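The values are calculated or read from the model by the stated rules, or taken from the named source; none is laboratory data. For clarity, every value in this text was computed on a predicted model and none was experimentally measured. Glycine also receives a Cβ, built like all others from the backbone with ideal geometry; neighbour counts cover every protein chain displayed.
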């Protein structure tokens, strides 16, 4: 499942190639010429709006269509992180720089590459601006990093609706913008005898609008993959992994992770609230299967290891399926890609057998716990995470384990773009 | 028979937009990353700073992660992309007969004035791109297609800024 991981050399070659096409198209669009770009702001040539919006709509439709069809894992795409206020201020500065200088950084490179002197000066200006920025931003570091820092968030996520609605909305907005652009150009055209569009052009436009609308509708009707759809896609791998018990870890291994301050660990306890309140591990979060089903966890920030647990294993296994497709790259479809979600073998019942009752002969992680998911241990009060059993000393009991957890650095979408 | 080259001939903007969209989608689909330009330039600046004053780089909170210590600022996908953009722009311009040493400007201002404005505009753009963590390529185009919240706010502000100052600057362009 896309996107793919390349070796360093291949990624370099591919990126240069993509950049080549990028530069080529920008030049062909006329964006190596500042006059074509500045004309946008005087409304008599709306080339910039047309090219940019068409590109955004094209890429957006293909992107969300391939995500809906399960060809692309959108969770692994580097979506630029939202830092609202710096983006707003920076955007304003960029717009002003655009109308004064006539380029943006990408187009000025193309302009300089085709030997335009103003392009050279513009690139020099950009480099100088970036230099000054680097020297001054430490003086307002907090603003830069915290003002409206919403993280990786898309408009559909912000609104809490399926991406299809927003995709359709953007297509509609683009069509309106294009209609306005054509109207403004005809109204303000330098050439009063400018031809009105031929029938052929009209037919082509109508076709393009229909195609865009249809694709948008398909994106909406198919919908972005829900947790249950991802689980269905990955079912064979999920079943096999659970059967092989490669993700069930021993209580002692979990304890070693809890005692390891180099691991960013997230503990997910899926029992009911009563059991959770009576006893849970230190720093565990109580999350119901229902919430996992609705997609909770897609925003577990950068935790490198996630361990799910219940009283025995049945519920934890179910929870694991949901988190595995949400958190692992490629929706856990592709073999050989890192897993970072594990299950506490034997559940909390076995944990308590070991650390409360000191039954050091409790079975190892390869022995499943087939219990009925009831807590078999009696507590006289709701302890929560008070007391040493919520996180025993590392050497509380003498128990050997074979380490199964591989700590992978979080591969999911850190952020990207120009950064 | 050789076809006459007309340097003023450009692609239809919608066709160019579709082509650009396909390149953008290809980049995201294959590598998980969009397009970018200012990030690469930022790393080039950091690289120069590192050769001139490495100790200063290590002490600057913004530049240090790019170039401090053992980091190699130029070994980054956005720098490779910048080299591709320059190459692609040159090849396209060369094939179309548009590679020529000239200054593009409005008819009412001198070349020197145009150079000055280009430098000032570039400076503002560079500063803004740093602040916004991206430019029209990385934020507006790439983030826009991914429907990122900040990218759309950014894009609206770029147009707002442009239109706000279009009238006072009309002599520079028309």
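Quick check on my filter: what residues within the range A:136-165 are in a helix (DSSP H, G or I), out of contact with any helix residue (DSSP H, G or I) (no Cβ under 6 Å at 6 or more places or on another chain) and more than 7 Å from chain B (Cβ to nearest Cβ)?
Hits for the range A:136-165 are A:136, A:139, A:140, A:142, A:143, A:145, A:146, A:157, A:159, A:165.
Answer yes or no as to whether residue A:10 is more than 7 Å from chain B (Cβ to nearest Cβ) and either without any contact (Cβ under 8 Å) to a residue 24 or more places away in the chain or over 30 Å from residue A:189 (Cα atoms) (or both).
Against the criterion (more than 7 Å from chain B (Cβ to nearest Cβ) and either without any contact (Cβ under 8 Å) to a residue 24 or more places away in the chain or over 30 Å from residue A:189 (Cα atoms) (or both)), residue A:10 qualifies.
Report, by residue number, each residue of the range A:358-380 that is free of Cβ contacts under 8 Å to residues at least 24 places away in the same chain and farther than 15 Å from residue A:311 by Cβ.
A:359, A:361, A:363, A:367, A:380 - these are the residues of the range A:358-380 that are free of Cβ contacts under 8 Å to residues at least 24 places away in the same chain and farther than 15 Å from residue A:311 by Cβ.
Tell me which helices (runs of 4 or more DSSP H) are completely within the range B:1-79 and hold 1 or more residues being touching a strand residue (DSSP E or B) at 6+ places or on another chain (Cβ under 9 Å) and in contact (Cβ under 8 Å) with a residue 24 or more places away in the chain, or say none if there are none.
Of the helices (runs of 4 or more DSSP H) lying wholly inside the range B:1-79, those with at least 1 residues that are touching a strand residue (DSSP E or B) at 6+ places or on another chain (Cβ under 9 Å) and in contact (Cβ under 8 Å) with a residue 24 or more places away in the chain span B:13-31.
So if I check each of B:149, B:120, B:99, which one is under 18 Å from the mean Cα position of the chain (by Cα) and within 7 Å of chain A (Cβ to nearest Cβ)?
Every option except B:120 fails the conditions.
Just one of the numbered conditions (1) assigned to a helix (DSSP H, G or I); (2) surrounded by fewer than 24 Cβ atoms within 10 Å (Cβ to Cβ); (3) without any contact (Cβ under 8 Å) to a residue 60 or more places away in the chain is not true of residue B:168; which one?
The one condition residue B:168 does not meet is (1).
Going through the range A:56-73 one residue at a time, which ones are crowded, with 24+ Cβ neighbours inside 10 Å, more than 7 Å from chain B (Cβ to nearest Cβ) and farther than 16 Å from residue A:217 by Cβ?
Answer for the range A:56-73, where residues must be crowded, with 24+ Cβ neighbours inside 10 Å, more than 7 Å from chain B (Cβ to nearest Cβ) and farther than 16 Å from residue A:217 by Cβ: just A:73.
I'd like to know if the range A:116-133 contains one or more residues that are touching a helix residue (DSSP H, G or I) at 6+ places or on another chain (Cβ under 7 Å), without any contact (Cβ under 8 Å) to a residue 40 or more places away in the chain, within 7 Å of chain B (Cβ to nearest Cβ) and more than 25 Å from residue A:31 (Cβ to Cβ).
Yes, some residue in the range A:116-133 is touching a helix residue (DSSP H, G or I) at 6+ places or on another chain (Cβ under 7 Å), without any contact (Cβ under 8 Å) to a residue 40 or more places away in the chain, within 7 Å of chain B (Cβ to nearest Cβ) and more than 25 Å from residue A:31 (Cβ to Cβ).
Which one of these does residue A:17 not meet: (1) over 24 Å from residue A:120 (Cβ atoms); (2) facing another protein chain (nearest Cβ under 7 Å); (3) modelled with pLDDT under 95; (4) more than 23 Å from the chain's Cα centre (by Cα)?
(3)
Please go through the range A:166-192 and pick out each residue that is under 19 Å from the mean Cα position of the chain (by Cα) and either farther than 14 Å from residue A:217 by Cβ or touching a residue at least 40 places away in the same chain (Cβ under 8 Å) (or both).
Selection gives A:167 alone.
Return yes when residue A:284 is within 27 Å of the chain's Cα centre (by Cα), farther than 22 Å from residue A:226 by Cα and surrounded by 15 or more Cβ atoms within 10 Å (Cβ to Cβ) and no when it is not.
Criteria met by residue A:284.
Going through B:82, B:63, B:48, B:57 one at a time, which residue ends up being within 16 Å of the chain's Cα centre (by Cα) and within 30 Å of residue B:151 (Cα to Cα)?
When all the criteria are applied, what remains is B:82.
Residue-by-condition table, conditions (1) over 9 Å from residue B:121 (Cα atoms); (2) in the same structural domain as residue A:155 (by TED's automatic domain parsing); (3) crowded, with 24+ Cβ neighbours inside 10 Å:
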| position | (1), (2), (3) |
| --- | --- |
| A:85 | yes, yes, no |
| A:99 | no, yes, yes |
| A:102 | no, yes, yes |
| A:106 | yes, yes, yes |
| A:110 | yes, yes, yes |
| A:113 | yes, yes, yes |
| A:118 | yes, yes, yes |
| A:122 | no, yes, yes |
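Can you report the number of residues in the range B:108-121 which are in a loop (DSSP other than H, G, I, E, B) and either without any contact (Cβ under 8 Å) to a residue 24 or more places away in the chain or under 17 Å from residue A:130 (Cα atoms) (or both)?
Number of matching residues: 1.
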